[in-house]
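This structure is in structure tokens; I'll ask about it shortly.
The values are calculated or read from the model by the stated rules, or taken from the named source; none is laboratory data. Note that the structure is a prediction, hence the values are computed from the model and not measured. No Cβ is skipped: glycine too gets one built from the backbone with ideal geometry, and neighbour counts run over all protein chains shown.
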Amino acid sequence: MKTQVFRLLCLGDVVGPDAALFLRRRLPAFRQRSGCDFVVVNGENAARHNGLDREGAQLLFAGGADVITTGNHAFRQKEIREELDGATALLRPANFPGHLPGRGWGIYQAGGCRVLVANVQGTLFMEALSSPFEAMEKILAEAAGRYDVAVCDIHAEATAEKIAFARRFDGRLSAVAGTHTHVPTADHTVLPGGTGYVTDLGMCGAVESVLGMAVDVAVARFVDHLPTPYTPAKGAIAATGALFELDPFSGKCLSVAPVKIEET
């Protein structure tokens with residue numbers, strides 16, 4: 001039996017192993033307290049040096065992530081490439097070249113609902129991939145009639161590209177959540193056609209940091225212009241994202257609100 005209101009939690013980019021461990025500890029209680037039916041987490045930077053490794057993925061799934069999305073660092077860690085083809089709940093952007101390992105979307109069961117989750121990557125100021133708009137159109141055509149609610153993580157640099165993407169699919173996707181910039185935006189809204197939207201979910205990472213990375217290293221890179229390797233910052237961690245309330249019968253979004261999970 002379908003739940004009357006489907007609660008979808010989306011969390012922004014996980015930055016570093018400590019952040020993955022934080023979600024392993026804190027996400028289960030938050031999920032239970034907020035009554036989430038389904039959780040999507042972007043694991044893009046959960047490994048120590050960008051990308052996602054096996055340990056990070058295991059921690060996120062153990063913490064309650066139903067699906068892990070990624071982005072431009074999807075293939076950074078060689079070990080995860082072996083996992084992409086076999087892991088149905090681990091996604092990489094659908095508009096990466098088709099011969100690469102993994103999948104860009106899947107349909108999952110939760111709360112009596114069929115949940116379509118898609119992952120695409122923007123192209124403005126990023127890699128010259130194929131169009132995320134065309135990729136999403138193909139996904140919707142292939143999945144037609146097989147889902148009740150649909151969400152897409154668009155991993156993109158340009159805010160305009162994310163907004164345009166949401167407008168293009170307003171009324172056809174239940175929720176569109178932007179990732180990649182690690183800074184949560186304050187534009188949570190339900191678009192006229194019924195799609196819940198936020199330009200960027202933010203991140204799960206150290207509060208005292210530069211986008212989750214150690215402050216001294218990040219500042220030095222801008223001042224000295226040397227390619228010093230980034231390292232995840234230490235200290236208190238917080239996770240930001242959005243909670244979408246969806247109507248599983250119409251597929252429309254009823255409301256969307258910001259979420260912040262902090263150390264207690």
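Hey, among Thr181, Thr123, Thr88, which residue is modelled with pLDDT under 95, within 17 Å of Glu44 (Cα to Cα) and hydroxyl-bearing (Ser, Thr, Tyr)?
Of the residues listed, the single one that is modelled with pLDDT under 95, within 17 Å of Glu44 (Cα to Cα) and hydroxyl-bearing (Ser, Thr, Tyr) is Thr88.
One residue is enough: does region 29-47 have a residue meeting the conditions over 16 Å from the mean Cα position of the chain (by Cα), assigned to a loop (DSSP other than H, G, I, E, B) and aliphatic (A, V, I, L, M)?
The answer is no; no qualifying residue exists.
Would you check which residues across region 48-73 are within 24 Å of Leu124 (Cβ to Cβ), modelled with pLDDT of 95 or more and crowded, with 23+ Cβ neighbours inside 10 Å and list them?
Passing the criteria: Leu52, Thr69, Thr70, Gly71.
If you don't mind, another one. Only residues that are assigned to a helix (DSSP H, G or I) and within 24 Å of the chain's Cα centre (by Cα): list them for region 216-238, please.
Ala218
Run Ala135 past the list (1) under 30 Å from Arg24 (Cβ atoms); (2) among the small types (Gly, Ala, Ser); (3) out of contact with any Leu (no Cβ under 8 Å at 6 or more places or on another chain) and report the number of the one that doesn't hold.
Failed condition: (1).
Looking only at residues that are surrounded by fewer than 16 Cβ atoms within 10 Å (Cβ to Cβ) and in contact with a strand residue (DSSP E or B) (Cβ under 7 Å, 6 or more places away or on another chain) in region 188-218, which one is farthest from Val120 (Cα to Cα)?
Val207
With modelled with pLDDT under 95 and either surrounded by 21 or more Cβ atoms within 10 Å (Cβ to Cβ) or of a type in the set (A, V, I, L, M) (or both) as the only criterion, which of Ala144, Ala175, Ala128, Ala135 stands out?
Criteria check complete, one pass: Ala128.
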